[in-house]
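Asker: Structure incoming, see below.
The values are calculated or read from the model by the stated rules, or taken from the named source; none is laboratory data. These figures come from a predicted structure and were not determined experimentally. Please note: Cβ atoms are built from the backbone with ideal geometry, for glycine as well, and neighbour counts cover all protein chains shown. Please note that ligands, DNA and RNA were not included when accessible areas were found on the heavy atoms of the full protein model with its side chains. Shrake-Rupley method; radii C 1.70, N 1.55, O 1.52, S 1.80 Å.
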Amino acid sequence: MAVAGICAYDSDAHGLAQRYFHQALRLAKASGDRGLGGYVIALLVNQSLFLAEYRQSVAFAEAALRAAGREITPALAADLHAMQAKAYARLGDRAGALTCIGRAESEAARIRPGEPDETGYVQPGLVDVQAAEALLSLGDLAGAREHAVAAVGAPAHDRGMVHRLAMLTTIELRQGEADRAAVTATEMADRARGMEPQRLRDRLRTVREELVASRSADAERAAERVEGALRVPL
């Protein structure tokens, strides 16, 4: 059910995704699997962030932390705190965001081999890219860039790396470094070729618009590379 919800989310079918997530949550509760229950709520946190329902994101994250209880793994705790940080940042709560970034980093440092399969997505650098997004929302470009660079320097699967490069491109553009952003965006576009998830393609379109808006010749050429990646037949 959780996997079906993720597929529906990636396809922009948010109502369907929520129904699958809630069914998965009921099954987790019925089985007494508190760790799985916390993971499913984390999926709801992620979706509510995308839908800009930031107060709900904070509430869902708190519920997930409570639901998992002592069974929560460092990876899941790190992800929940990082998503809370993004929600607090969007709400303009700097103190709340920074507190959650610190908690996420502390939990990430405790991750060891043997995490459940469902939290395998919490790879090295994931907390950094989420912290970068939170700090970008707060206007802390220097802090955001530091975390984004760390995220890009950590190993990740191709889809995750595309998101990390997209974040770094955005930050470099905000700092007025269009030429450097063009290099980052070109790498992002090359890695993204052939990828189908709608969320990823939406992110590429946003970066392409940001590159064009910079009015830099190099950035415009990078935008064309991004457009080429988007034209790959699905």
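Asker: For region 171-186, what does the Karplus curve 6.51 cos²θ - 1.76 cosθ + 1.60, with θ = phi - 60°, yield as ³J(HN,Hα) per residue in whole Hz, taken in order and with x for Gly and Pro?
Answerer: Calculated HN-Hα couplings, in order: 5, 4, 5, 5, 8, x, 9, 5, 5, 5, 4, 4, 5, 4, 5, 5 Hz.
Asker: Testing the spin-label approximation: label points 7 Å from Cα along Cα→Cβ at Asp33 and Glu224. State their distance in nm.
Answerer: 5.0 nm
Asker: What accessible surface, in Å², does a 1.4 Å probe find on Asp179, ignoring ligands, DNA and RNA and rounding to the nearest 10?
Answerer: 90 Å²
Asker: Among all stretches of the chain without exposed trypsin sites (Lys or Arg not before Pro) (DSSP loop, at most 15 other Cβ atoms within 10 Å), which one is longest?
Answerer: 1-109
Asker: To continue, here is another question. In debye, nearest 20, what is the charge dipole magnitude of region 145-226 about its Cα centre with +1 on Lys and Arg Cβ and -1 on Asp and Glu Cβ, if you could check?
Answerer: The calculated dipole for region 145-226 is roughly 240 debye.
Asker: Another question, if that's okay. Over the chain, give the accessible area per residue in Å² for a 1.4 Å probe, as an integer.
Answerer: 48 Å²
Asker: Here's something else I'd like to know. How large is ³J(HN,Hα), in whole Hz, for each residue of region 117-134 in order, when computed from phi with the Karplus curve 6.51 cos²θ - 1.76 cosθ + 1.60 and θ = phi - 60°, using x for Gly and Pro?
Answerer: Result, ordered by residue: 4, 5, 9, x, 5, 7, 8, x, x, 5, 4, 4, 5, 6, 5, 4, 5, 5 Hz.
Asker: Expressed in nm to one decimal, what extension gain is obtained for the pair Ala213 and Ala142 from 0.36 nm per residue of sequence separation less their Cα-Cα distance?
Answerer: Roughly 23.4 nm would be gained on extension.
Asker: Evaluate E = 1/(1 + (r/R0)^6) for Glu62 and Met195, where r is the Cβ-Cβ distance and R0 equals 35 Å; express this FRET efficiency to the nearest 0.05.
Answerer: 0.60
Asker: When the chain is fully extended, how far beyond the present Cα-Cα distance does Ala4 get from Ser106, taking 0.36 nm per residue of separation?
Answerer: This chain segment gains 33.6 nm when fully extended.
Asker: Along the positive direction of the dipole of region 31-102 (beta-carbon charges: Lys, Arg +1; Asp, Glu -1; about the Cα centre), which of Gly32, Val58, Ala89 reaches farthest?
Answerer: In region 31-102, that residue is Ala89.
Asker: I'd like the Karplus ³J(HN,Hα) series for region 13-22: coefficients 6.51, -1.76, 1.60, θ = phi - 60°, whole numbers in Hz, and an x wherever there's a Gly or Pro.
Answerer: With the stated coefficients, region 13-22 comes to 8, 6, x, 5, 4, 5, 4, 5, 4, 5 Hz.
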